[in-house]
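> One structure, as structure tokens, below. Some questions next.
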Amino acid sequence: MLNKMTVDDIQVKGKRVLCRCDFNVPLKDGKITDENRLTASLPTIRKLVKDGGKVILCSHLGKPKGKVVPELSLAPVAKRLSELLGQEVKFAADPEVVGPNAKKAVSEMKDGDIVLLENTRFREEETKNGEKFSKELASLCDIFVDDAFGTAHRAHCSNVGVAQFTQVTAVGYLMEKEIRFLGNAVENPVRPFIAILGGAKVADKLNVISNLLEKCDTLIIGGGMAYTFLKAKGYGIGTSLCDDTKVDYCKEMMEKAEKLGKKLYLPVDTVVTAQFPDPIDAKIETWTVDADKIPDDKMGMDIGPKTRELYADAVKNAKTVVWNGPMGVFENPILAEGTIAVAQALADTDATTIIGGGDSAAAVNQLGFADKMTHISTGGGASLEFLEGKELPGVAAATDKD
Ligand code: AMP
């Protein structure tokens, strides 16, 4: 399905290979607090090292916005990667990324050596896909490998620009895996195919709702976005989150579902509170009410027990499930029950279960269901745009196979 060159199609022995990874890991006091993205990048790095490439790694970290922010240096990543790989990952500490340290380190590399460049977003051209920085990156290598699925929805120097100035661009194993799972689920799903969408706002997921409605057999809606749908049904939703400008859109989607003969599930009951918890994990009083009986002074914060059962039941006979967005304010344990119930239902089914990145991935990891899912995407925005049916610039930039 993916007609792009992969790391299995290239000869890297003795060649300088620039490999764009997604090392955008959360850091606290200089320590990496979640290293999923590092572990996810290891198969490609190991393959390039084993085949005798001179492996030059690069990535962005956080949002330094073109300035050198010492707390966002990739130095801690070099250290941790060295431990994970069992070999030195030499860190080229150039604030300009491609500077004297990087050039010297690369010129001294032997086959199988690894060098990591500094945070690509220290350069302000990076996010503007500026030609100068793209050329500088390309000058360090003979072959470019892109394994950064998390940034594939952006056209930046270090994933798209650099590819214009290198002869060959291949995708890495992580990128290949993400595209295989997400692509198969959406374009060629084993049916019944159920899509579950949640999260805060309808507005953020307009195209996802519309695209998935066409592809899936059943669409399940939960989270903050469900209340705009409930309003579109004519229900009072109290002080729940609502995109007033999207009420008509929700009506359209309900009509579209009916026209296409698709099932569209909305909450039948909901857990409400008097206000949004502050701090987010505050002990908070809740009530459960039917979806058409939300009091004027209450806000819906989670799907209720009847809805949990309904959704879990719907998932039971699925063969493919794609889930993006929590069912409620899962960061608060009192309001996480709906998200837990859906995660449990996915864990219990034999279906291929695919979790979009971002908050859904965080919820599944945080609630302890990670090893029960077939695939958890490493890219929030990228997986969302993929589910919208868009072509990702980071994928398009890779060299075609024939
Ligand atoms: P998203 O980034 O769109 O996937 O949204 C995730 C966020 O939506 C999480 O931080 C949740 O706390 C929040 N969320 C989920 N359900 C609700 C709700 N009913 N009201 C307000 N926020 C919600």
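> May I ask you to say which residue of ALA195, ALA185 is among the hydrophobic types (A, V, I, L, M, F, W, C) and within 16 Å of the ligand (Cβ to nearest atom)?
Numbers: ALA185 fails: within 16 Å of the ligand (Cβ to nearest atom).
Checking each option against the conditions leaves just ALA195.
> Here's a follow-up. Report, by residue number, each residue of segment 61-113 that is among the acidic types (Asp, Glu), under 19 Å from SER134 (Cβ atoms) and in contact with a Lys or Arg (Cβ under 8 Å, 6 or more places away or on another chain).
Let us first name the residues in segment 61-113 that are among the acidic types (Asp, Glu), namely 71, 83, 88, 94, 96, 108, 111, 113.
Of the ones still in play, those that are also under 19 Å from SER134 (Cβ atoms) are 94, 96.
Correct list: GLU96 only.
> Would you call ALA398 away from the ligand (no atom under 14 Å from the Cβ), closer than 15 Å to ILE194 by Cα and modelled with pLDDT of 95 or more?
Judged against the criteria, ALA398 is not a match.
> Something else: Being away from the ligand (no atom under 12 Å from the Cβ), under 29 Å from ALA185 (Cα atoms) and either of a type in the set (A, V, I, L, M) or touching a strand residue (DSSP E or B) at 6+ places or on another chain (Cβ under 8 Å) (or both), is that true of even one residue in segment 289-300?
Scanning segment 289-300, I find no residue that is away from the ligand (no atom under 12 Å from the Cβ), under 29 Å from ALA185 (Cα atoms) and either of a type in the set (A, V, I, L, M) or touching a strand residue (DSSP E or B) at 6+ places or on another chain (Cβ under 8 Å) (or both), so the answer is no.
> Only one of these conditions is not met by ALA362: (1) away from the ligand (no atom under 16 Å from the Cβ); (2) free of Cβ contacts under 8 Å to residues at least 24 places away in the same chain. Which number is it?
Only one criterion is unmet by ALA362, namely (1).
> Evaluate segment 261-282: report whether one residue or more is in contact with a helix residue (DSSP H, G or I) (Cβ under 8 Å, 6 or more places away or on another chain) and within 16 Å of LYS201 (Cα to Cα).
yes
> Could you list all residues from segment 349-374 that are crowded, with 18+ Cβ neighbours inside 10 Å, farther than 23 Å from VAL329 by Cβ and not polar (S, T, N, Q)?
Matches in segment 349-374: ALA351, ILE354.
> Out of everything in segment 309-340 that is of a type in the set (S, T, N, Q) and within 14 Å of the ligand (Cβ to nearest atom), what residue ends up being farthest from the chain's Cα centre (by Cα)?
First, pick out the residues of segment 309-340 that are of a type in the set (S, T, N, Q): 317, 320, 324, 332, 339.
So of that shortlist, the ones also within 14 Å of the ligand (Cβ to nearest atom) come out as 324, 332, 339.
Numbers: ASN324: 10, ASN332: 22, THR339: 18 Å.
Only one residue fits best here, namely ASN332.
> Continuing with the same structure: In segment 210-238, which residues are in a helix (DSSP H, G or I), aliphatic (A, V, I, L, M) and more than 12 Å from the ligand (Cβ to nearest atom)?
LEU212, LEU213, ALA232
> Could you list, in sequence order, the residues of segment 214-260 that are crowded, with 23+ Cβ neighbours inside 10 Å and touching a Cys at 6+ places or on another chain (Cβ under 7 Å)?
TYR227, THR228, PHE229
> Regarding ALA343, is this residue touching a helix residue (DSSP H, G or I) at 6+ places or on another chain (Cβ under 7 Å), small (Gly, Ala, Ser), farther than 25 Å from LEU392 by Cβ and more than 12 Å from the ligand (Cβ to nearest atom)?
Details: touching a helix residue (DSSP H, G or I) at 6+ places or on another chain (Cβ under 7 Å): yes; small (Gly, Ala, Ser): yes; farther than 25 Å from LEU392 by Cβ: yes; more than 12 Å from the ligand (Cβ to nearest atom): yes.
Considered against the rule, which asks whether it is touching a helix residue (DSSP H, G or I) at 6+ places or on another chain (Cβ under 7 Å), small (Gly, Ala, Ser), farther than 25 Å from LEU392 by Cβ and more than 12 Å from the ligand (Cβ to nearest atom), ALA343 comes out as yes.
> Given (1) at pLDDT 95 or above; (2) under 24 Å from the mean Cα position of the chain (by Cα); (3) within 16 Å of the ligand (Cβ to nearest atom), where does VAL268 come up short, assuming only one miss?
(2)
> So which of GLY161, GLY150 ends up being within 14 Å of ARG20 (Cβ to Cβ), in contact with a Ser or Thr (Cβ under 7 Å, 6 or more places away or on another chain), within 16 Å of the ligand (Cβ to nearest atom) and not in a loop (DSSP other than H, G, I, E, B)? It would help to see each step written out before you state the result.
Numbers: GLY161 fails: within 16 Å of the ligand (Cβ to nearest atom).
It is GLY150.
> Which members of segment 116-133 meet the condition of being within 23 Å of the chain's Cα centre (by Cα), assigned to a helix (DSSP H, G or I) and surrounded by fewer than 23 Cβ atoms within 10 Å (Cβ to Cβ)?
THR127, LYS128 - these are the residues of segment 116-133 that are within 23 Å of the chain's Cα centre (by Cα), assigned to a helix (DSSP H, G or I) and surrounded by fewer than 23 Cβ atoms within 10 Å (Cβ to Cβ).
The values are calculated or read from the model by the stated rules, or taken from the named source; none is laboratory data. Here the structure is a predicted model, which means the values were calculated and not measured. All Cβ positions, glycine included, derive from the backbone under ideal geometry; neighbour counts span all protein chains shown.
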